[in-house]
Amino acid sequence: MNLAESLLLGLKNYGVEEIFGIPGDFALPLFKVMEESEILPLYTFSHEPAVGFAADAAARFHSKPSVAAVTYGAGAFNMVNPVAAAYAEKSPVIVLSGGPGEADRSTGLLVHHQAKQLSSQMQMFKEVTCDQVILDDPKTAPDLIARVLRNCILESRPVYIEVPRDKVFDNCAEVPGPVEADIADADALAACADEIITRLASAKSPVMMVGVEIRRYGLEDAVRELCQKLNVPVVTTFMGRGLLAGQEVPLQGTYMGKAGDARITQMVENSDALILLGVLLSDTNFGISEKKIDLRKTILASDGRVSLGYHSYLDMPITSLVKTLNQKLETKKPQAAVELDYPASLSADEQAITPTDIARAVNDMFEDHERMPIAADMGDCLFTALDIEHTELVAPGYYATMGFGVPAGLGVQAATGRRPIIMVGDGAFQMTGWELLNCKRYGWNPVVLLLNNSSWEMLRAFQPESKFNDLDHINYANIADSLGGVGRRANTRLELRDALNASVADESSFQLVEIMLKRGELSQTLSRFVEGIKGMRAQS
């Protein structure tokens with residue numbers, strides 16, 4: 001087999017199920033093999049950032065790697081931001097780039113798409129990936145590919161693979177397969193688990209908070225079992241919203257500090273044994289706490305280590321820790337399920353629409369139909385999603401980049417076959433919303449809720465005096481029809497209900513509901529979040 005076939009079969013063997021990409025001249029031979037071999041499905045998009053966002057969302061839903069394939073230079077540099085987002089939020093995206101061949105390098109001339117040096121692209125991606133390789137020797141390629149893929153899975157972070165265009169068809173051996181490896185010391189692991197159990201047994205108000213690593217390492221079933229055995233209140237972080245959806249656990253909701261439910265905030269911040277399981281200590285998770293979390297009273301299991309008060313256990317993978325805890329604990333009588341209070345029962349009248357009305361409409365729809373996964377962009381669309389019934393959610397909750405929502409929704413449908421809801425603001429839609437034109441080719445039919453206030457409203461919330469927050473008025477419902485979908489515009493709560501119900505009923509193509517909002521109309525959660533962030537900055 002040739003090098004490209006060996007690479008593709010290796011990707012498949014390590015759990016990859018699809019490739020998102022945009023071809024270019026240095027990647028044309030590689031894309032030829034992708035398309036003709038049919039080893040993995042290939043979905044081509046229109047702009048490189050969307051390729052990265054789609055692969056990120058697919059990886060999050062799979063809990064295993066997905067591929068973003070581009071050409072050298074103009075293609076790969078255009079995808080740095082989505083890869084940085086995946087690195088920050090621990091999503092295993094495999095960047096696959098074509099590269100210059102020996103003939104390109106030997107002319108003595110600058111190579112088109114070259115920045116400072118031919119190696120500049122790889123050097124730049126070293127900042128946003130955990131491992132990198134250029135496959136310029138087919139003899140060493142199989143072991144190098146295996147190393148990079150193992151690190152991608154082990155660290156749940158992006159990696160970079162570059163294939164020179166003149167090496168694609170060289171003969172190459174098979175990539176070595178995955179190796180089951182548990183790097184935790186058995187004695188240290190047992191001691192760590194025992195100490196956690198002892199700490200919890202003596203606590204008066206233990207709480208478990210689950211974060212993104214639970215999904216990244218495919219641990220939701222194991223953590224569900226752990227929740228049932230520990231039988232303590234469970235909350236998600238802002239970044240972990242959507243975890244344990246539909247699971248039988250004592251889930252209380254999402255911790256948002258000053259911006260969230262006061263009951264949850266007090267429960268978390270007053271806990272004498274707070275278990276942070278797979279949680280990132282980021283400003284979006286903890287920057288707006290009512291009072292600073294006392295890390296001396298926490299158990300932090302994240303980034304391959306466990307910290308208990310003043311000491312730490314190193315080389316302690318979260319997968320091994322959860323497995324060991326489950327082995328040592330017995331199932332207890334489960335706590336009664338918590339009835340989470342989400343807004344519902346939309347008043348279908350001629351009143352103007354608010355963000356809470358959008359949540360009510362979706363919750364009513366979920367009551368009448370099945371719950372759907374949600375891909376949310378950054379802005380009030382994400383904070384509005386927090387008022388929607390707990391369902392699977394992908395969003396850039398920490399990195400907070402705009403443009404994520406639409407391509408992420410397409411990535412979710414490609415990865416799962418399930419029809420998603422995409423929540424996006426008009427500012428973010430102008431960045432990547434045009435990727436909806438690819439839905440017809442692949443049979444995707446997401447329901448897009450476009451919150452249109454002709455504004456960068458979240459930026460206005462932080463700096464209301466700036467006129468650059470004003471955007472032009474565009475009729476996106478009409479544009480949807482031109483892109484191959486169906487568009488509907490809702491100005492009132494009645495029109496919102498009818499448009500959403502009609503969109504869910506119509507599965508023939510993507511459906512876009514353009515929801516008209518007044519400038520300055522924010523969800524209560526976003527308003528509290530902004531005030532909390534402002535307060536945090538004022539104190540620093």
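The values are calculated or read from the model by the stated rules, or taken from the named source; none is laboratory data. Remember, it's a predicted structure, so these values are computed and weren't measured experimentally. Every residue, glycine among them, receives a Cβ derived from its backbone with ideal geometry; neighbour counts consider all protein chains shown.
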- Note on the structure: Taking first residues from the stretch 59-78 that are on the phi > 0 side of the Ramachandran plot and second residues anywhere that are at pLDDT below 95 and crowded, with 22+ Cβ neighbours inside 10 Å, the pairs with Cβ under 7 Å that are 6 or more apart or on different chains are SER63/ARG215; SER63/ARG216; SER63/TYR217; GLY73/GLN121
- So THR391 clears everything in (1) at pLDDT 95 or above; (2) touching a strand residue (DSSP E or B) at 6+ places or on another chain (Cβ under 7 Å); (3) part of a loop (DSSP other than H, G, I, E, B) except one condition, right? Which one? (1)
- Message: Going through LEU144, LEU154 one at a time, which residue ends up being surrounded by fewer than 19 Cβ atoms within 10 Å (Cβ to Cβ) and under 28 Å from LYS32 (Cβ atoms)?
- Response: LEU144
- Message: Looking only at the stretch 505-521, count every residue that is within 24 Å of the chain's Cα centre (by Cα) and surrounded by fewer than 23 Cβ atoms within 10 Å (Cβ to Cβ) and tell me the total.
- Response: 0
- Item | Odd one out for TYR87 among (1) closer than 26 Å to TRP444 by Cα; (2) touching a Ser or Thr at 6+ places or on another chain (Cβ under 9 Å); (3) hydroxyl-bearing (Ser, Thr, Tyr) | (1)
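What residue, of GLY24, GLY10, GLY15, is within 25 Å of MET431 (Cβ to Cβ) and touching a residue at least 12 places away in the same chain (Cβ under 8 Å)?
On the way: GLY10 fails: within 25 Å of MET431 (Cβ to Cβ); GLY15 fails: within 25 Å of MET431 (Cβ to Cβ).
After ruling out the rest, the residue left standing is GLY24.
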- The correct count of residues that are part of a helix (DSSP H, G or I), under 25 Å from THR391 (Cβ atoms) and without any contact (Cβ under 8 Å) to a residue 12 or more places away in the chain in the stretch 418-459 is 0
- Item | Every residue from the stretch 247-290 that is without any contact (Cβ under 8 Å) to a residue 40 or more places away in the chain and part of a helix (DSSP H, G or I) | ALA262, ARG263, ILE264, THR265, GLN266, GLU269, PHE286
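Based on this model, can you work out whether PHE462 counts as farther than 19 Å from LEU512 by Cα and either without any contact (Cβ under 8 Å) to a residue 24 or more places away in the chain or within 17 Å of the chain's Cα centre (by Cα) (or both)? Before the answer, list the steps.
Values: farther than 19 Å from LEU512 by Cα: yes; either without any contact (Cβ under 8 Å) to a residue 24 or more places away in the chain or within 17 Å of the chain's Cα centre (by Cα) (or both): no.
So PHE462 fails the test.
When the stretch 182-197 is examined, which residues are found to be exposed (fewer than 12 other Cβ atoms within 10 Å of the Cβ) and modelled with pLDDT of 90 or more? Can you show your working first?
First, the residues of the stretch 182-197 that are exposed (fewer than 12 other Cβ atoms within 10 Å of the Cβ): 182-183, 186-187.
The one that is exposed (fewer than 12 other Cβ atoms within 10 Å of the Cβ) and modelled with pLDDT of 90 or more: ASP187.
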- Item | Filter result for the condition that a residue is touching a residue at least 40 places away in the same chain (Cβ under 8 Å), of a type in the set (Gly, Ala, Ser) and surrounded by 17 or more Cβ atoms within 10 Å (Cβ to Cβ), over ALA480, ALA499 | ALA480
- Within the stretch 85-140, how many residues are part of a helix (DSSP H, G or I) and over 24 Å from ILE214 (Cα atoms)? 10
- Message: Scan the stretch 77-86 and tell me whether some residue there is surrounded by fewer than 24 Cβ atoms within 10 Å (Cβ to Cβ), in contact with a strand residue (DSSP E or B) (Cβ under 7 Å, 6 or more places away or on another chain), outside the structural domain of ALA400 (by TED's automatic domain parsing) and of a type in the set (A, V, I, L, M, F, W, C).
- Response: no
